[in-house]
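K.L.:
This structure is in structure tokens; I'll ask about it shortly.
Every read-out reported here was derived from the displayed coordinates using simple, explicitly stated rules and does not represent laboratory data. Since the model is a prediction, treat every value here as computed from it, not as a measurement. Cβ atoms come from the backbone with ideal geometry, glycine included; neighbour counts cover every protein chain shown.
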Amino acid sequence: MPTTSILKNLFSKPIKTIKIDYKRPGQQLPCQEIWYELEGEAAYVYFACHNGGMSTEQCHLLLWVYQHVATLPVKAIVLMGGEACFSNGIHLNHIEVAGSPADESWLNIMAIDDIVYQIINTVDKVTVAAIAGSAGAGGAMMPLAADKVFAREGVIFNPHYKNMGELYGSEYWTYLLPKRVGQEMAHTLTEQRLPISAKKAWQINLIDKVLDKRSEIFSSQVKQWVNALITDAEALQKCLIEKSKARCNDEATKALATYRKCELTKMYENFYGDDRYHKARQQFVYKICDDKTTPENIALHRQKLTGARKISEASVTEMVR
């Protein structure tokens, strides 16, 4: 049969739609990126998105699954992410090929913000983030919404945005990050833009525990810690009461809507105000490097020795240790 006939027959066939019942626990199909598992009184939510990028549609689906799980009779919700990457925030590749990258960027950041908002406001269950794979940008901020954050030894965090064309970032990071590490360290992490190890993340209080490097042991340890958190009924009740009070106090001091509005105002400028983010995203997606020099934030020999940009070689080494 001629090649043209083969192609014609191939493309004339209707596209097969795979329907997945997301209310049903477990990964039903190999192509399924988002699923949950029930074990005892805990629900484990997986979102193994390719390279950690989460598109608008994937964020909507993850939010829907999370909201469904939150209605189940469980005491804990555990965010497992993916094994290779926990999350790297918005999906830059998907945004790049959109008809309007600016519009898609806006929709994507709104969608991931909705997930973080839901986690922050889950006050009737313990929430845990179990980070088995590296996390960057919004994907490094999202787990901070959970009550407890565990990370596998060897995981690398990039809790910053600015390398992507001076992107400001959202995901309620201006609320979540200072709460964990303090305002000064939050400024250091987001301005110096350096990767940090799981050990360093624990030392600065970004995470609560570093668990075993081996994936299977890490998973077992996570489940042990989660079970310990929820089996002591008195301690669990005390934890949830304190959590609810803290959320009410925080909301009275400064509403989440205010944090979100301030962050998104900056993001709107990034998406629609100039081309730095769009140029950086395009270079990232197509692996283009116009500047052959070492990036400014790690070029110790080019850094000024005054003001906020003073970074010693020892401090850089310590951050990634």
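K.L.:
What are the semi-axes of the equivalent ellipsoid of segment 22-290, taken as the square roots of 5 times the eigenvalues of the Cα gyration tensor, listed largest first and rounded to whole Å?
P.N.:
Taking √(5λ) for each Cα gyration eigenvalue gives 29, 21, 19 Å.
K.L.:
Apply the Karplus parameterisation 6.51 cos²θ - 1.76 cosθ + 1.60, with θ equal to phi minus 60°, to every residue of segment 204-216 and state each ³J(HN,Hα) to the nearest whole Hz, in sequence, with x for glycine and proline.
P.N.:
9, 6, 5, 10, 9, 8, 9, 9, 4, 6, 6, 4, 5
K.L.:
Ordered by packing density, taken as the mean number of other Cβ atoms within 10 Å over each peptide's residues, highest first, how do 238-250, 181-193, 276-288, 52-64 rank?
P.N.:
52-64, 181-193, 276-288, 238-250
K.L.:
Still on this structure, please answer the following. Give Lys162/Lys245; Lys148/Lys245; Lys199/Lys245; Lys75/Lys245; Lys125/Lys200 a once-over and call out the pairs whose C-alpha atoms are over 22 Å from each other.
P.N.:
Among Lys162/Lys245; Lys148/Lys245; Lys199/Lys245; Lys75/Lys245; Lys125/Lys200, the Cα-Cα distance tops 22 Å for Lys162/Lys245; Lys199/Lys245; Lys125/Lys200.
K.L.:
Mind jotting down the three principal axis lengths of segment 166-288 based on Cα atoms? Whole angstrom, largest first.
P.N.:
53, 42, 24
K.L.:
Another question, then. Given the DSSP H assignment, sum -39500 (n - 2.57) over each helix run of at least 4 residues in the chain and divide by its residue total; what's the result at 222 nm in deg cm²/dmol, nearest 500?
P.N.:
Here the helix-only value at 222 nm equals -14500 deg cm²/dmol.
K.L.:
Let me see the P(r) profile for segment 118-172: every Cα-Cα distance counted, bins of 10 Å, each bin given as a percent of all pairs.
P.N.:
24, 46, 27, 3
K.L.:
Related question: Around Ile120, under 12 Å between beta carbons, what's the net of Lys plus Arg minus Asp minus Glu among the other residues?
P.N.:
Neighbour charge sum, excluding Ile120 itself: -2.
K.L.:
Calculate how many DSSP beta bridges within segment 22-290 are antiparallel, expressed in % of all such bridges and rounded to the nearest 5.
P.N.:
Bridges in segment 22-290 that DSSP calls antiparallel: roughly 30 percent.
K.L.:
On a straight-distance basis, which aspartates and glutamates could pair with Lys287 in a cross-link, Cα separation under 14 angstrom, same-chain partners fewer than 8 positions away excluded?
P.N.:
Glu96
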